[in-house]
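First up is the structure itself, then whatever we jot down about it.
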Amino acid sequence: MSTHIPRVDFGRRVLVLRHRRIAVRLQWRSVVVCAVLAVAVAGTAVLALMTGSYALDPGQVLSALTGRETGIVHDIVVEWRLPRVAAAVMFGAALGVSGAVFQSLLRNPLADPGIIGFSQGSYTGALIVILVVNGTYAQLVGGALLGGMATAVAVYVLAYRRGVQGFRLIVVGIGVSAMLASLNTWLILKADLDQAMSAAAWGAGSLNGVSWDQVVIGGACVAVLLLPAGMLSRPLRQMELGDDAAASHGVRVSPARLGLILVGVALTATVTAASGPIAFISLVAPQIARRLARTAGITLAPAALVGALLCLASDYLAQHVAPTPLPVGVITVVLGGGYLGYLLFTEARRRL
């Protein structure tokens, strides 16, 4: 039987769930924050399903989702709008978790897969499949994954000097990202005009034209990757205290770090293969989640929900703030760039 035991841990209310030999500790504030974020995601999703050239009311949306509505309303909600909403939620959550993994692992708020080159590497692999191989969607996923993994290996090797320090890895990653961005531009310039235009639009990070096939394949990959991310969350929190402290608590540091890097890169590559590189969500979401939950470290569940909400809200703005739909990456760059400037300013003031 499972038991619910409320406790007070250093001034914080903690909920302990026990089932036989398994015990899970949850902070009450994190649980409440996750619940509020989940409601916000659901509300934004319903708003996105309602809004468009053919406006609907909440009752019609809920009826279509439960199968009670047929005809044009069902087609609009389930076939046209729902794939995009589902993709925004799943891919935003994946980016939030990926950013949380790298920021916690490297103990640096600037450790974003986009900034340290992993997103650019995935984009390079996907571009090679699109422009050179002209491959299928499955090959596109494989190319993005191989590109991200190859970039991660290159950054890790170049940054290694008697171990890997977070700041050195970030600096090396920025350099590798700039080189890959130049390579990506060269690939697009050398391609045919139609291919170059579609690749450039896709490279801005876009959910336009997302189909159920992409949602199912990408969602399955994200779900499979979130499972090991959750299993590695405890070693991740231990490693925030340092490798020696984590090892003294029984954590196998090197295998855990390798597994976390693979999961983080794979999550980024999955999103890149489906929608292109959506910038800044993996940078912003973990920090917002940490401030909302008021935790000492970065937790995965709030980061995933904040990422889902940011991606969904940004895509809603991208569809409706301009006369023509914009790539969601255009909105996330604006929001993320402003937050990055704020983060750099506050960090600089803290060090004075």
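Here Leu258 does not fit the description of being open to solvent by 40 Å² or more (accessible area, probe 1.4 Å), within 16 Å of Phe102 (Cβ to Cβ), assigned to a helix (DSSP H, G or I) and in contact (Cβ under 8 Å) with a residue 24 or more places away in the chain. From the set of residues in the stretch 173-213 that are farther than 30 Å from Val89 by Cβ and open to solvent by less than 30 Å² (accessible area, probe 1.4 Å), which is modelled with the lowest pLDDT? That would be Ala196. Restricting attention to the stretch 48-63, the residues being open to solvent by 70 Å² or more (accessible area, probe 1.4 Å) and hydrophobic (A, V, I, L, M, F, W, C) number 2. Sub-7 Å Cβ pairs linking a first residue in the stretch 287-303 that is closer than 11 Å to Arg29 by Cβ and among the small types (Gly, Ala, Ser) to a second residue that is part of a helix (DSSP H, G or I) and open to solvent by less than 50 Å² (accessible area, probe 1.4 Å), at least 6 apart or interchain, are Ala293/Ser30; Ala293/Val33; Ala293/Pro302, ordered by first then second residue. Note on the stretch 125-139: among residues that are within 15 Å of Leu189 (Cβ to Cβ) and open to solvent by 10 Å² or more (accessible area, probe 1.4 Å), the one that is farthest from the chain's Cα centre (by Cα) is Val132. Just one of the listed residues (Arg81, Arg161) is part of a loop (DSSP other than H, G, I, E, B) and among the charged types (D, E, K, R), and it is Arg161. Whenever a residue of the stretch 306-328 is among the charged types (D, E, K, R), its partners that are open to solvent by less than 30 Å² (accessible area, probe 1.4 Å) and not in a loop (DSSP other than H, G, I, E, B), lying with C-beta atoms within less than 6 angstrom and at least six residues away or across chains, give the pairs Asp315/Ala88; Asp315/Val328.
Restricting attention to the stretch 254-274 and to residues that are of a type in the set (S, T, N, Q) and under 12 Å from the mean Cα position of the chain (by Cα), the residue that is farthest from Ile217 (Cα to Cα) turns out to be Thr268.
The values are calculated or read from the model by the stated rules, or taken from the named source; none is laboratory data. Everything quoted here is computed from the prediction, not taken from an experiment. All Cβ positions, even for glycine, are placed from backbone atoms using ideal geometry, and neighbour counts span all protein chains on display. Surface accessibility is based on the protein's heavy atoms, side chains included, excluding ligands, DNA and RNA. Shrake-Rupley method; radii C 1.70, N 1.55, O 1.52, S 1.80 Å.
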